[in-house]
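Notes for the one structure printed next.
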Amino acid sequence: HLTVAVEGISGTVAVVEPTGSETHVVLRTGAREVVAMFRDRVPFRPGDALSFAPEAGSVHLFDKASGVRLS
């Protein structure tokens, strides 16, 4: 659950993939990629700068090495 925000995680849109009722957006943030799913069509295009912030209480984080969920 992410919200487009002025401040937050910033990156460049790499891919915009409409899938019918949703749109998947791949955002490059340095050496990492984040995939965001939007329930609507979005105006983003590859190359656009975008920042977003997670909604409190709706993010799940996992340890990269073990895959264990972090509390």
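The values are calculated or read from the model by the stated rules, or taken from the named source; none is laboratory data. Since the structure is predicted, the reported quantities are computational estimates derived from the model, not experimental observations. Every residue, glycine as well, gets a Cβ built from its backbone with ideal geometry; the counts of neighbours run over all protein chains shown.
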Residue pairs, Cβ under 8 Å, 6 or more apart or interchain, first in segment 39-59 and closer than 26 Å to Leu70 by Cβ and exposed (fewer than 10 other Cβ atoms within 10 Å of the Cβ), second modelled with pLDDT of 85 or more and β-branched (Val, Ile, Thr). List them. none
Looking at (1) of a type in the set (S, T, N, Q); (2) surrounded by 12 or more Cβ atoms within 10 Å (Cβ to Cβ); (3) more than 21 Å from Phe62 (Cα to Cα), which is the only condition Ser10 fails? (3)
Can you find even one residue in segment 17-29 that is surrounded by fewer than 13 Cβ atoms within 10 Å (Cβ to Cβ), at pLDDT 90 or above, on the phi < 0 side of the Ramachandran plot and of a type in the set (Lys, Arg)? no
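Does Val15 fit the bill of being out of contact with any Phe, Trp or Tyr (no Cβ under 6 Å at 6 or more places or on another chain), in contact (Cβ under 8 Å) with a residue 12 or more places away in the chain, within 21 Å of Val59 (Cα to Cα) and not polar (S, T, N, Q)? Walk me through it before giving the result.
Details: out of contact with any Phe, Trp or Tyr (no Cβ under 6 Å at 6 or more places or on another chain): yes; in contact (Cβ under 8 Å) with a residue 12 or more places away in the chain: yes; within 21 Å of Val59 (Cα to Cα): no; not polar (S, T, N, Q): yes.
No.
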What are the residues in segment 31-54 that are at pLDDT 90 or above, of a type in the set (Gly, Ala, Ser) and more than 11 Å from the chain's Cα centre (by Cα), if any? Gly47, Ala49
